[in-house]
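Worksheet for the structure shown next.
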Amino acid sequence: MSSLSPLELALTAWAVVAGIYLLLFLYRSIVGMKEEDTLHLSAGESRMEDEQRDVMKRIHRIEPITKGFGWATLALSVLLAGAWGYNAYHQLF
């Protein structure tokens, strides 16, 4: 077992969570590229309507997961900043 400090473990956890968040955010952006705000279709273009519904389903499915990883990244960032400040304070005094 390696002898990582708690700060190094927290930094590793932050890197993993932030990486997953970034990948989810990019995936959502790529899927959302096909999303339209308004869609004006004739009766023969129902296939495009189905595609838009599929895009919206995928976005709505991934959004809560992305938000969760975003909040986790923020929480770990605050934790790391506090730990870094605590270590810096104790090294100075």
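Tell me, what % of the accessible area of the chain is carbon and sulfur with a 1.4 angstrom probe?
66
Mind pulling the angle between the C-alpha long axis of helix 46-92 and the longest principal axis of the chain? Nearest 10 degrees, somewhere in 0 to 90.
Long axis of 46-92 versus the principal axis of the chain: about 10 degrees.
Quick one: angle between helix 6-32 and the longest Cα principal axis of the chain, in degrees between 0 and 90, rounded to 10, please.
10
So for the pair residue 33, residue 20, with labels modelled 7 Å out along Cα→Cβ, what separation do we get in nm?
With each label point 7 Å from Cα toward Cβ, the separation is 2.6 nm.
With a 1.4 Å probe and every protein chain left in place, work out the accessible area per residue of the range 1-89 in Å², rounded to a whole number.
Ligands and nucleic acids excluded, the figure is 78 Å² per residue.
Give the Rg/Rh ratio for the chain, taking Rg as the radius of gyration of the Cα atoms and Rh as the Kirkwood radius, to two decimals.
Reported Rg/Rh (Cα atoms, Kirkwood Rh): 1.28.
Considering the dipole of the chain built from charges on the beta carbon (Lys and Arg +1, Asp and Glu -1) around the Cα centre, which of 86, 32, 21 is farthest to its positive end?
The one lying farthest along the dipole's positive direction is 86.
The values are calculated or read from the model by the stated rules, or taken from the named source; none is laboratory data. Predicted model, so just to flag it, every value in this text is computed and none were measured. FYI the Cβ positions are ideal-geometry reconstructions off the backbone, even for glycines, and counts take in every protein chain you see. The protein model used for the area step is the full one, side chains on, heavy atoms only, and it has no ligands, DNA or RNA in it. Shrake-Rupley method; radii C 1.70, N 1.55, O 1.52, S 1.80 Å.
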